[in-house]
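Enquirer: Dumping the structure here so I can ask a few things about it.
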Amino acid sequence: MKLLLCIALLLPAAQLSESACFFEKQSTTGTGTCFDTNDGTHHQFGESWMNTNCWDCVCAQKGYECCERYSVPFGVPDECMIIFQIQTCSFQVFMKNDPSVECTVSGAIGK
């Protein structure tokens, strides 16, 4: 019974730590490549890359899979704002009335 209780309590925490992913099915017969519809680039089977939306991708024979490269903060205080920095693929949380001051958050979901 204690084991079931532990599993029930830990399962939601494990799910929060996972990144969002998607699979883009493509007809790759004869091409040997995947076409990233996000940024218009071609990639060889087995190749990994980071696309322009900060997703880590890998090309396979039936298409490609991409997963978020960043963590999304949660538990952000009302007096703070969240800004996504595309250059670093990360979120930063600052005070609304003074962007030079970073805020503390409860945690982050994702990588």
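Enquirer: For the range 51-98, take N as its residue count and report Rg(C-alpha) divided by 2.2 N^0.38 Å.
Expert: With N residues counted in the range 51-98, Rg over 2.2 N^0.38 Å equals 1.55.
Enquirer: Let me ask another. Residue farthest toward the positive end of the dipole of the range 32-87, with Cβ of Lys/Arg at +1 and Asp/Glu at -1: which of Cys67, Ile83, Phe35?
Expert: Of the options given, the answer is Phe35.
Every number here is computed from the coordinates shown, using simple stated rules; none is lab data. The model shown is predicted, which means the values in this text are computed figures rather than measured ones. Because the Cβ atoms are built from the backbone with ideal geometry, glycine has one as well, and the counts that use them run over all protein chains shown.
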